[in-house]
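None of the figures in this text is laboratory data; all of them are computed from the coordinates on show. Everything numeric here is computed off the predicted structure, so don't read it as measured data. So basically every Cβ, Gly included, is an ideal-geometry build from the backbone, and we count neighbours across all protein chains shown.
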């Protein structure tokens, strides 16, 4: 059974964990651009980040960085103050923090999860929120991490919030996290083409995702394609 932060030895200095986690986006953006080379070498700085964050594999680190890049680009496109952009970026880097207390055998399982295993996996937003709730100045980040798996129609978790009840930062993260997850290899499936993933976002806009955030996300990709696309031109919806 997955243990919460109070039941299993957590990082000695969680505040340091968070500060160092915020460096992941810059490092992972560089890694994403180099990913096509499939180089086995890992710079010393990367090894340090992996140890600091307790991450188990390079894919998790790259996912955090890609989510941070995508979510930050969306946040910057919204008419909101710089503080919101910072909150979104921090939440994107830390959104899977709670998975430190999910057994690796579940995270890396090549097949479907059982109902019991899925219940454990679904706890990760709450576990991450519990860690962040103890840190000053991160209340908005904590709320975004806690609610990034809510659905716009109210059928998400952990609280079943819907529509504007879901913090806007969490609604941004829901879109960008889902897109990067769909376009990345997972133990149980191969990555979807970006065009297919974007069609899925559009298809579920208004049910799973905030339709306004999906629209802004598409606009961002048209104007500023992610660096790891390496100039690839896509037929966007």
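Numbers below:
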quantity	calculated
Relative contact order (%) - criterion: Cα under 8 Å, at least six apart; region: the range 183-237	35
Cα centroid of the range 181-237 to Cα centroid of the range 142-170, whole Å	20
Among 163-175, 122-134, 83-95, 191-203, the order from most to least packed when residues are scored by Cβ within 10 Å on average	83-95, 163-175, 122-134, 191-203
